[in-house]
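Take a look at the structure below.
The values are calculated or read from the model by the stated rules, or taken from the named source; none is laboratory data. Computed from a predicted model, the values in this text were never measured in an experiment. Neighbour counts run over all protein chains shown; Cβ positions are idealised from the backbone, glycine included.
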Amino acid sequence: MRSIDYSKKILKSTSYSGNSLKNQKEISASMLGSDTQQALLRYKYGVIEEYNVTQASIGSLVHLGLSEVDFGVNVHKEIKYSMPYRDWKITGTIDRIDMNNNMITDIKVSKTYTVKSILEDPMHQYRLQLNIYRMLAENAYGKEFNMQLEFYDKQGGFNYRTGSEIPHLQYIPIDKIDNEILYEKIDEIIDFVELGQEKQCDDVWIRKIGSKAVPTRCELYCSYKQVCSQYNPKPETSMIGW
Ligand code: SF4
């Protein structure tokens, strides 16, 4: 019995929690790189209870494990920061903030992105997210911070096809994005959400299965499929991409 309780707890803590309240005027750092349609659904519906294991579960387990690690004096873990903007609140929960070295660390576990793809995209969602954290920390502490990704590559290890080895864990320094650009992005999301009209979701990955084009993003990742009018399930292909 005990192990069943334990499994339930793990599943609960690794399920996506989203915004905790409906219609709260809060824009979180993680919303910046996601599709605006998802931002609207997140705003309208808050948390969608979901107890199934999702693509993000492994990442959540890594966070759970790292939250137990003691990183020493003046290194804070998982603290939520916020600052007012328009009549909204910009928020972000920073995985690790090292006050001794003025370093913000965001933990990512991915098989979708590679280090190369992150470095090549100046507006990559991970960079945007970290820069919002930087903005929040600078506002809270009145000093400048550097940023890095602690990147766990699910595809890491030895690749038999190419004969090369990809590290499982890499630390990636992240460049500063001008606050002005960040505010433009935030305005874009707030304006869209305040308008309240749904739009075509662009965050659908199309994979070719034989001659058939199949959308996979909804099934794999999106927490809002239960409330999204554009959700078009394809159960027979739901595990593609795992
Ligand atoms: S369910 Fe699919 S179409 Fe709807 S918001 Fe999510 S990813 Fe986009």
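Things worth noting here:
- Filter result (within 17 Å of the chain's Cα centre (by Cα), within 15 Å of the ligand (Cβ to nearest atom) and modelled with pLDDT of 90 or more) within region 184-217: ILE189
- Positions within region 166-186 being in a loop (DSSP other than H, G, I, E, B) and in contact (Cβ under 8 Å) with a residue 12 or more places away in the chain, in sequence order: PRO167, HIS168, ASP175, LYS176, ILE177
- Considering residues of region 65-88 that are in a strand (DSSP E or B) and under 18 Å from the mean Cα position of the chain (by Cα) only, the residue surrounded by the most Cβ atoms within 10 Å (Cβ to Cβ): TYR81
- Hits in region 218-229 - residues which are under 25 Å from GLN24 (Cβ atoms), at pLDDT below 85 and not hydrophobic (A, V, I, L, M, F, W, C): TYR221, SER223, TYR224, LYS225, GLN226
- Meets criteria (within 20 Å of GLN38 (Cβ to Cβ), in contact (Cβ under 8 Å) with a residue 12 or more places away in the chain and assigned to a loop (DSSP other than H, G, I, E, B)) for TYR113: yes
- Filtered residues of region 145-165 (kept if surrounded by 11 or more Cβ atoms within 10 Å (Cβ to Cβ) and either touching a residue at least 40 places away in the same chain (Cβ under 8 Å) or part of a loop (DSSP other than H, G, I, E, B) (or both)): PHE145, ASN146, MET147, GLN148, LEU149, GLU150, PHE151, TYR152, ASP153, LYS154, GLN155, GLY156
- Taken together, the criteria place MET99 among residues that are touching a residue at least 40 places away in the same chain (Cβ under 8 Å), touching a His at 6+ places or on another chain (Cβ under 9 Å) and surrounded by 10 or more Cβ atoms within 10 Å (Cβ to Cβ).
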